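Asker: Starting off with a structure, shown below.
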Amino acid sequence: MDLNLRKAILSNIASNDQEQLEATIVDAIQAGEEKMLPGLGVLFELIWKQSDEQDKQEMIESLEQGVKQANDA
C-alpha cells in the first residue's frame, strides 16, 4: 500500500477556513500526541513556502527562542 501522508493531510484540510485551520493547530498542540506531529509538519511546510525571507527569519528567531525556553524548562 502506497500511502502519501502529505497528500492525505492536505486533502483532509482542503476545505477548511481560517477558524478551522487555527482549531486544528491548537487542538494538535494541546493534545500533545506524537501522531499529530506529521500534520503540524505539513502545515508548517505550507506556511514556510508562502513566507517571504523576512517572515522566515522571524519564524527562525521565534523557533530559536522556543527551543531555548523548552530546554530551560
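Asker: Take the Cα pairs of region 5-72, get the Kirkwood Rh, then feed it into Stokes-Einstein at 37 °C and 0.692 mPa s and tell me D in µm²/s.
Answerer: Numbers: Rh = 13.4 Å.
In µm²/s, the coefficient is 246.
Asker: Check Ser51: other-chain or 5+ apart residues with amide H under 5 Å from its amide H, H built from backbone geometry?
Answerer: none
Asker: Nearest 10 degrees is fine. How inclined is helix 37-50 to the longest principal axis of the chain, computing both from alpha carbons?
Answerer: 80
Asker: Leu63 versus Glu45, label points 7 Å from Cα toward the beta carbon: distance in nm?
Answerer: 1.4
Asker: Below 17 Å, Cα to Cα, which lysines can Lys49 reach? Residues fewer than 8 away in the same chain don't count.
Answerer: Of all the lysines, those that pass the test against Lys49 - Cα under 17 Å, at least 8 places apart if same chain - are Lys7.
Asker: Please give the helix 53-72 orientation as an angle from the longest Cα principal axis of the chain, in degrees from 0 to 90, rounded to the nearest 10.
Answerer: With both axes taken from Cα atoms, the answer is about 70 degrees.
Each reported figure results from applying straightforward, stated rules to the coordinates on display, with no laboratory input. As the structure is a computational prediction, the values presented were derived from the model and not from experiment. Here Cβ is always computed from backbone atoms with ideal geometry, including for glycine, and neighbour counts include all displayed protein chains.
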